[in-house]
């Protein structure tokens, strides 16, 4: 009997068949991403560009957070600090230095968030579980109060009227369509970095650490260094999202630094599906859409209550999130 005639319960396929199936899966994934890209290109023709740009910024924020929670197993309650830091640094530089290119302002905000992420990581990474979460929350609240008191942040008024400027001195970002395609490019770059990270050997080590940290240590991996790098990458991309959002709305405010913002990104990630590639994007889309439509309707004061009820329902009924549930359903039926 050849190796093709085997038990159905424990199917062992020849390497060639496995490779063909993997290549077919890669092709399907490529076509799916190309379809999503095509939809994104024409989306501003049907949907308000500002809303789409907000969605992309928060989708990148959620994807960056998911890299830390879903693949490294670290729950941070302080990611709003990186989001706000990127926004404030970018907003301040673009407001004070009129000749500064928008891309340089965003880069500066992103690097500032990376440096803050390194500092946070060095202080918190040696703790686990609720202790790690509480340390990140405490550090984020410290940053929040710094932003309240610092003269360059505008205090409770924030930084308003941040100029969008020009991209590379060529493209006027005051045009919403031009700005939308720039924000889309930023999201694609950030999403590609996350994709490359989680599918690299480093990403496999992160999964091993999440699943069984003592075993990863016994195999000789420097667990703290791996987790610190994941924390810094996540903080950097979060800062990129915050910097881009400041350019879009021409505003950097304390709302971005408040612990509520850290709670929102956790909600987005859990709602969409922790540890899934597109889960945070779906979760961010659901939350931002609900916030937008509910806040403009008669239920505006009940937005957080409704979102909380949806979150509890999903945790009880769809513990793997929307995307996780869809993937499980597809695997079961196909």
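Each row is one residue, and each column tells you yes or no for (1) within 20 Å of residue 137 (Cβ to Cβ); (2) crowded, with 20+ Cβ neighbours inside 10 Å; (3) in contact with a helix residue (DSSP H, G or I) (Cβ under 9 Å, 6 or more places away or on another chain); (4) at pLDDT below 90.
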| position | (1), (2), (3), (4) |
| --- | --- |
| 207 | no, no, yes, no |
| 243 | no, yes, yes, no |
| 247 | no, yes, yes, no |
| 270 | yes, yes, yes, yes |
| 292 | no, no, yes, yes |
| 302 | no, no, yes, yes |
| 320 | no, no, yes, yes |
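A single member of 104, 93, 75, 60 is surrounded by fewer than 24 Cβ atoms within 10 Å (Cβ to Cβ) and touching a residue at least 24 places away in the same chain (Cβ under 8 Å), and it is 75. On the basis of being more than 30 Å from residue 45 (Cα to Cα), more than 22 Å from the chain's Cα centre (by Cα), touching a residue at least 24 places away in the same chain (Cβ under 8 Å) and surrounded by 13 or more Cβ atoms within 10 Å (Cβ to Cβ), does residue 152 make the cut? In short, yes.
If you go through region 159-179 and pick out every residue that is out of contact with any helix residue (DSSP H, G or I) (no Cβ under 8 Å at 6 or more places or on another chain), at pLDDT 85 or above and more than 19 Å from residue 56 (Cβ to Cβ), you end up with 1. Here are some conditions: (1) surrounded by fewer than 18 Cβ atoms within 10 Å (Cβ to Cβ); (2) modelled with pLDDT of 90 or more; (3) touching a strand residue (DSSP E or B) at 6+ places or on another chain (Cβ under 9 Å). Residue 182 meets all but one. Which one does it not meet? Of the numbered conditions (1) surrounded by fewer than 18 Cβ atoms within 10 Å (Cβ to Cβ); (2) modelled with pLDDT of 90 or more; (3) touching a strand residue (DSSP E or B) at 6+ places or on another chain (Cβ under 9 Å), the odd one out for residue 182 is (1).
The values are calculated or read from the model by the stated rules, or taken from the named source; none is laboratory data. Fair warning: this is a prediction, and the values are worked out from it, not measured in the lab. Neighbour counts are summed over all protein chains in view; Cβ atoms, including those assigned to glycine, are modelled from backbone coordinates with ideal geometry.
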